[in-house]
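Below is one structure, written out as structure tokens; the observations come after it.
The values are calculated or read from the model by the stated rules, or taken from the named source; none is laboratory data. Computed from a prediction, not measured in an experiment: that's the story for all the values here. Heads up, the Cβs are rebuilt from the backbone with ideal geometry, glycines too, and the neighbour counts pull from every protein chain shown. Keep in mind that these areas ignore ligands, DNA and RNA; they rest on the heavy atoms of the full protein, side chains included. Shrake-Rupley method; radii C 1.70, N 1.55, O 1.52, S 1.80 Å.
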Amino acid sequence: MSATRYTYLGPEGTFTEAALRTLPEAATRELVPMVSVPAALDAVRNGEAAAALVPIENSVEGGVTATLDELASGRPLMIYREVLLPIAFALLVRPGTKLSDIKTVTGHPVAQPQVRNWLRAHLPEAVWESAASNADGARLVQEGRFDAAFAGEFAAATYGLEALVTDIHDAENAETRFVLVGRPARPAAPTGADKTSVVIWQREDHPGALLELLQEFAARGVNLMLLQSRPTGAGIGNYCFAIDAEGHISDRRVGEALMGLKRICANVRFLGSYPRAGVAAEDVRPVRPGTSDADFTAASDWLARCQDGRA
């Protein structure tokens, strides 16, 4: 395995590359762009890279399905950290292009919902066609296949384009969450401000089945930060669920919730426990009474005394 190589969703000039370069270790790694999320993750699975950074969630559009599906299938991988990146788009064009010249636009599919209102107001007749990434859209504009692309302003220099309009976004404070993914290993020690990610599959579909899964978290005071259903490919109505929960697998409340899921689910895939981006331990809300590690230990001791006749 190449311990010094990180892959990412390319080509050069993507928001993913910008997010990757915020990591301190990126300065000492070989950063290799890949054509797709599956390609970036497969490089890790095959030992060609130590880790891959890929987008997983957007504050406007929700989960990035290509990443969620890839993490739920194939050889297991594990999330080691996350990066949050504020997102604002620039309209990149070939030099000399005016707004009135633009008939076709492109960008990543996740970008479209974030600029839809701007497009409707300023380019109502323009035809949108999705690209593999925002930077790839910029490359297609450079090649003359589209008139304009929505991408990061920083991509303009890479592709010899101009930013005709900057700071485009329909939603204020939009951001995208990226995850650094590697091969499965022991999770890092808890920081006090952690997140645990899993994918779960129901054993059978019946009234209240999803409620039963969620109660494993609720009964132990574990807050959920993401819950998204994804089709399994086994037919209409067959879904798995991607879940992000507050806390670390070593926290008793989280560990026992996962054990509960393992008992009642057809399958549970652990995707990692890792630090939450931009959140310090002192900023995390206190756990609910009765759900701390000390509370679980006290309850276990009480049960042992009952079993020994010392209650």
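Below is a table of values for the structure above.
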item: Kirkwood estimate for the range 117-248, i.e. one over the average of 1/r between Cα atoms, Å; result: 19.4
item: Calculated FRET efficiency for the pair residue 104/residue 250, C-beta based, R₀ 51 Å, to 0.05; result: 0.50
item: Cα gyration tensor shape of the chain, rounded if a/c is under 1.5, else prolate or oblate by comparing a/b with b/c; result: prolate
item: The range 212-305: radius of gyration and largest Cα-Cα distance (Dmax), Å; result: 15.2, 50
item: Loop-located GluC sites (Glu not before Pro) in the range 87-195, at most 14 other Cβ atoms within 10 Å (DSSP); result: 125, 143, 172
item: Proximal lysines relative to residue 262, as straight alpha-carbon distance under 23 Å, when same-chain residues fewer than 8 apart are discounted; result: 195
item: Extension gain, residue 310 back to residue 218 (0.36 nm per residue minus Cα-Cα distance, nm); result: 30.0 nm
item: Area accessible to solvent at residue 21, 1.4 Å probe radius, in Å²; result: 140
item: Chain lengthening between residue 4 and residue 282 when straightened (0.36 nm per residue, less Cα-Cα); result: 96.7 nm
item: Apportionment of accessible area to carbon and sulfur, the chain, percent (1.4 Å); result: 52
item: Rg/Rh (Cα only; Kirkwood hydrodynamic radius) as it applies to the range 40-180; result: 1.01
item: Gain in span if fully extended, residue 25 to residue 154, counting 0.36 nm per residue against the direct Cα distance; result: 44.3 nm
item: ³J(HN,Hα) computed for each position of the range 50-66 - Karplus, 6.51 cos²θ - 1.76 cosθ + 1.60, integer Hz, glycine/proline x; result: 7, 7, 9, 9, 9, x, 10, 7, 10, 5, 9, 9, x, x, 8, 4, 4
item: Accessible area (Å², per residue) of the chain, counting only protein heavy atoms and a probe of 1.4 Å; result: 48
item: Total charge dipole magnitude, the chain, about the Cα centre, Cβ charges on Lys, Arg, Asp, Glu only, Debye to nearest 20; result: 720
